[in-house]
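Asker: Starting off with a structure, shown below.
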Amino acid sequence: MEQNGILPGRTEGKATIRVRSLEPHSAEFTSEQIGTIADIAERYGSGQVHVSARQTIEIADIERSAIKEVFVLLNGNGLYAGSSGHFMRNVMACSRWCLYNVFPLSDLARKLNNLYAEQKLPGKTDISLSGCGFSCTRSRTSDIGIIAQATIEVNADKCTECTLCVREPLGCQVEAITLSDHSVSVDGDRCIQCGYCTNVCKFSSLVLKGTSFAIFIGGSGGITPKEGLIWKSVASEQDVVDEIAGLLKCYSSVAQKGERIGSVIERLGLDSLTEVNHG
């Protein structure tokens, strides 16, 4: 029987436990939690741990006979095994401290993990949240990817040509901003809507007018990486939660065993998800 977060060990009678933090934060661990993980690794495992690509921690070489005892220690500190097999993978988000965040998404990741940590799906499913268009969490190559976007208001007449928005190290990273004659313009084709320029500008020439969330679906990494398709753009975190709920319900109803969202789209087309989701 498949057990969420318990992986076969390389030595007979042992297992690797994949651990995630559901309390107090997803993708973030308190110093107390880190201490608990270290103690478990020393007492029950090899003394070493591995940080996975999806922001979980793997504790290897745990005796299977000790797994229940280890769970008691983990659960008492807001730590839970999970994110393996056909169970929902750990929902990951970029750091809430990143200066480029249009909108920090760690709390949304926490909410989604608490909703879906124990949900079993037809195939491997990952959700990645990015606070800006740089997409450090690989949102474009996940089954469901969310990217926060900024709507920028340009007040060209307020520009003093201080050059902060174009000069290293704080200037636009994609060279979308042009200054001329005490005026500023933004190239819409180059702009990735990260909104960082609005943090840099001191004269309200570039102002954050609003935020939205672009939803991508059907992407994948691994041996055959594939970029996801844009599903839609929504206005709020709650809209994101609602859309993900609909997509997962739809995916579960039409997918074959082992089939990921991208494969469903290839087999049935994007419109089939739309029809089921809103039918």
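Each value in this text was obtained by applying a stated rule to the coordinates, not by laboratory testing. Source: prediction; values computed, not measured. Glycine also receives a Cβ, built like all others from the backbone with ideal geometry; neighbour counts cover every protein chain displayed.
Asker: Highest GNM mean-square fluctuation, the chain, Cα pairs closer than 10 Å: which of Val102, Val49, Val19?
Answerer: Among Val102, Val49, Val19, the largest GNM mean-square fluctuation belongs to Val49.
Asker: For a test of understanding, tell me how many lysine pairs in the chain have Cα atoms under 18 Å apart, given they are 8 or more places apart or on different chains.
Answerer: Total qualifying Lys-Lys pairs in the chain comes to 12.
Asker: State the Kirkwood hydrodynamic radius of the range 157-279 in Å, one decimal place, computed from all pairs of distinct Cα atoms.
Answerer: It works out to 17.5 Å.
Asker: Which of Ile17, Ile177, Ile215 moves the most in a Gaussian network model of the chain with Cα springs under 10 Å?
Answerer: Highest fluctuation among the options: Ile177.
Asker: Can you put Phe134, Phe203, Phe87 in order, fewest other beta carbons within 10 Å first?
Answerer: Ranked by crowding around the Cβ, least crowded first: Phe203, Phe134, Phe87.
Asker: Here's another thing I want to ask about it. Rounded to the nearest 5, what % of DSSP beta bridges with both residues in the range 6-81 are antiparallel?
Answerer: Bridges in the range 6-81 that DSSP calls antiparallel: roughly 100 percent.
Asker: May I ask you to list the residues of the range 130-152 whose amide nitrogen lies under 19 Å from a point 7 Å from Cα along the Cα→beta-carbon direction of Leu229?
Answerer: Under 19 Å, as judged by backbone N against the label point of Leu229, lie 139-147 of the range 130-152.
Asker: Can you pull out the GluC sites (Glu not before Pro) in the range 7-91 that DSSP calls coil and that have at most 12 other Cβ atoms within 10 Å?
Answerer: Of the GluC sites (Glu not before Pro), the ones in loops of the range 7-91 whose Cβ has at most 12 other Cβ atoms within 10 Å are Glu12.
Asker: Going by how many other beta carbons lie within 10 Å of each one, how would you line up Ser142, Ser233, fewest first?
Answerer: Ser233, Ser142
Asker: Between exposed trypsin sites (Lys or Arg not before Pro) in the chain, where DSSP calls loop and at most 12 other Cβ atoms lie within 10 Å, what's the longest gap?
Answerer: 11-166
Asker: With a point put 7 Å past each Cα toward its Cβ, work out how far Ser185 is from Ser65 in nm, to one decimal.
Answerer: Placing both labels 7 Å beyond Cα along the Cβ direction yields 7.6 nm.
Asker: Another question, if that's okay. Under a Cβ-only charge scheme (Lys and Arg +1, Asp and Glu -1), can you give me the dipole magnitude of the chain about the Cα centre, in debye to the nearest 20?
Answerer: Roughly 520 debye, rounded to the nearest 20.
Asker: HN-Hα J couplings of the range 226-237 from phi, Karplus 6.51/-1.76/1.60, θ = phi - 60°, integer Hz, Gly and Pro as x?
Answerer: With coefficients 6.51, -1.76 and 1.60, one gets 8, 7, x, 9, 5, 8, 5, 10, 10, 8, 9, 4 Hz.
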